[in-house]
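The values are calculated or read from the model by the stated rules, or taken from the named source; none is laboratory data. Everything numeric here is computed off the predicted structure, so don't read it as measured data. Cβ sites come from the backbone with ideal geometry, for glycine too, and all protein chains shown count toward neighbours. The area values use the complete protein model at the heavy-atom level, side chains included, leaving out ligands, DNA and RNA. Shrake-Rupley method; radii C 1.70, N 1.55, O 1.52, S 1.80 Å.
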Amino acid sequence: MKIFLIGFMASGKTTIGREVARRTGWAFIDLDERIELREGRSVSAIFAERGEEAFRRLERECLDEVCRIDHNIIVATGGGVPCFFDNMERMNRAGTTVYLRFSPPDLKLRIQLSSQDSRPLVAGKSDEELLHFVTESLARREPFYTQAAYTLQGTDEELAEQVAALIHDTPGKR
């Protein structure tokens with residue numbers, strides 16, 4: 001069984017994924033970290049050197065690799081993963097997708113608290129620019145995110161509890 005955590009940047013996919021893995025004993029994979037290990041450079045560097053299109057292709061290749069893994073894993077995807085190629089459909093076929101949902105103002109604050117300048121799409125934006133970017137981007141991404149099997153809201157702790165509960169309650173788990 002696979003659980004794919006999706007949502008906008010800074011929605012806690014990695015933090016929650018690691019916590020759920022700890023609670024359940026499942027393996028955890030952060031797709032961005034997997035790309036960085038494979039490429040030997042940061043996501044920011046890949047964006048800067050090769051552009052977003054090349055990064056999205058790398059992201060898809062890593063997603064395909066993860067989809068072929070045959071054991072229980074929790075996967076934290078990058079915020080854009082569901083929005084490119086047929087990635088959302090691919091994740092829904094390979095496992096259970098969970099959208100970690102937050103409002104634009106909450107996301108803006110979470111981004112500011114989580115190293116905004118290390119995130120290539122929002123680095124250097126003012127408060128107003130950041131909120132505008134989040135609001136507009138989230139509106140474009142919502143149609144993809146809402147294709148998830150589950151949409152969850154709450155604090156990081158509440159979200160970790162809810163995802164762990166999904167694992168324990170899902171038929172067909174191993």
(message) Taking 8 Å as the Cα distance limit and 6 or more residues as the minimum spacing, I'd like the relative contact order of the chain as a percentage.
(response) 36
(message) In Å and on Cα atoms, what radius of gyration and Dmax does segment 104-144 show?
(response) 9.8, 27
(request) Whole number in Å², please: accessible area per residue of segment 15-62, 1.4 Å probe, ligands, DNA and RNA not counted. (result) 52
(message) With the crude spin-label approximation of a point 7 Å out along Cα→Cβ, what separation in nm comes out for E65 versus E157?
(response) 3.6
(request) Provide the per residue accessible area, probe 1.4 Å, for segment 72-174, rounded to a whole number of square angstrom. (result) 51
(request) Any chance you could list P(r) for segment 1-144, counting all Cα-Cα pairs in 10 angstrom bins from zero, rounded to whole %? (result) 11, 42, 38, 9, 0
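Over the chain, what percent of the accessible surface lies on carbon and sulfur atoms, probe 1.4 Å?
Within the chain, the accessible surface is 49 percent carbon and sulfur.
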(request) From the P(r) of segment 24-99, can you give the percent of Cα pairs sitting at distances over 19 Å? (result) 32
(message) Averaging over every viewing direction, what projected area does the convex hull of the Cα atoms of segment 73-174 cover, in nm²?
(response) 7.0
(message) Within the chain, how many Lys pairs that are eight or more residues apart, or on different chains, come under 19 Å at the alpha-carbon?
(response) 4
